[in-house]
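**Q** Let me begin by handing over the structure; questions about it come next.
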Amino acid sequence: MNLQEFNTAPVGQLRPLLAACCDVPRWVERVLAGRPYADAEALAAVADRAVRALDDGEVALALAAHPRIGDRATGETTEATWSRGEQAGVGDDPGVRAALAAGNREYEHRFGRVFLICATGLSATEMLTALNHRLTNDDSTEAAVVQEELRKIVLLRLTKLLTAEVPA
């Protein structure tokens with residue numbers, strides 16, 4: 001889907017695609033309300049401002065749509081397909097996968113939410129190192145890190161949407 005198609009597509013067609021980028025209704029509606037966009041940068045700017053404006057409850061809602069690092073998303077939805085690609089660096093090493101699973105459990109116990117990281121381009125070791133480091137954050141620092149990681153994922157997925165990386 002290119003920008004012209006994005007600008008002219010029926011709202012009903014775009015809503016699920018945007019929800020695959022960020023499954024928060026207010027974010028989706030803010031992005032839709034800005035159409036038509038003059039260029040991809042204008043779209044990204046609105047999407048960026050909208051994700052930065054999410055409150056804690058909306059961030060939690062967005063996180064609910066993300067699998068744990070190391071868990072393979074199932075299904076053929078756009079979001080599941082993107083997630084599998086984003087987590088490609090996890091690999092199949094059973095030791096690393098076990099360490100990620102243990103780290104995920106500790107993180108969820110510590111912070112009460114799934115560990116979120118923009119995994120695209122990261123190796124399993126890099127993800128595990130980040131997870132272990134972030135376990136030392138205080139609550140407010142970690143909340144800011146989570147929002148930034150979510151922002152990076154949302155903008156990455158929006159780019160995929162505009163570059164025709166949308167599963168059929």
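The values are calculated or read from the model by the stated rules, or taken from the named source; none is laboratory data. What you are looking at is a predicted structure, and each value in this text was computed from that prediction instead of being measured. Cβ sites come from the backbone with ideal geometry, for glycine too, and all protein chains shown count toward neighbours.
**Q** Answer with yes or no whether Arg113 is at pLDDT 90 or above, out of contact with any Pro (no Cβ under 9 Å at 6 or more places or on another chain), surrounded by 16 or more Cβ atoms within 10 Å (Cβ to Cβ) and farther than 26 Å from Gly95 by Cα. Reasoning before the result, please.
**A** Values: at pLDDT 90 or above: yes; out of contact with any Pro (no Cβ under 9 Å at 6 or more places or on another chain): yes; surrounded by 16 or more Cβ atoms within 10 Å (Cβ to Cβ): yes; farther than 26 Å from Gly95 by Cα: no.
Taking the combined requirement at face value, the residue does not satisfy it.
**Q** Residue check, Cys21 against (1) under 17 Å from Arg151 (Cβ atoms); (2) modelled with pLDDT of 95 or more, all met but one. Which one?
**A** (2)
**Q** Got a sec? Which of Thr136, Thr129 is assigned to a helix (DSSP H, G or I) and at pLDDT 90 or above?
**A** Thr129 is the lone residue from the list that is assigned to a helix (DSSP H, G or I) and at pLDDT 90 or above.
**Q** In addition: Look at region 15-55 and say how many of its residues are assigned to a helix (DSSP H, G or I) and surrounded by fewer than 20 Cβ atoms within 10 Å (Cβ to Cβ).
**A** 19
**Q** Cβ-Cβ under 6 Å, sequence separation 6+ or interchain: first residue in region 44-66 and closer than 23 Å to Phe6 by Cβ, partner modelled with pLDDT under 95 and charged (D, E, K, R). Which pairs?
**A** These pairs meet every condition: Ala62/Asp23; Ala65/Asp23.
**Q** Looking at Glu148, Glu58, Glu79, Glu106, can you tell me which residue is surrounded by 16 or more Cβ atoms within 10 Å (Cβ to Cβ), part of a helix (DSSP H, G or I) and at pLDDT 95 or above?
**A** Glu58
**Q** Can you name every residue in region 151-168 that is at pLDDT 90 or above and over 17 Å from Cys22 (Cβ atoms)?
**A** none
**Q** Does Glu86 count as over 25 Å from Arg157 (Cβ atoms) and either of a type in the set (Asp, Glu) or at pLDDT 95 or above (or both)?
**A** So Glu86 does not fit the description; no.
**Q** So in region 89-103, with the set limited to residues that are crowded, with 20+ Cβ neighbours inside 10 Å and at pLDDT below 90, which one is nearest to Arg15 (Cα to Cα)?
**A** Step by step, filter region 89-103, then rank; the result is Val90.
**Q** Considering each residue of region 119-145, count those that are without any contact (Cβ under 8 Å) to a residue 60 or more places away in the chain, surrounded by fewer than 18 Cβ atoms within 10 Å (Cβ to Cβ) and of a type outside the set (Ser, Thr, Tyr), and give that number.
**A** 10
**Q** How many residues does region 1-33 hold that are in contact with an Asp or Glu (Cβ under 7 Å, 6 or more places away or on another chain) and of a type in the set (Gly, Ala, Ser)?
**A** Residues flagged as in contact with an Asp or Glu (Cβ under 7 Å, 6 or more places away or on another chain) and of a type in the set (Gly, Ala, Ser) within region 1-33 amount to 1.
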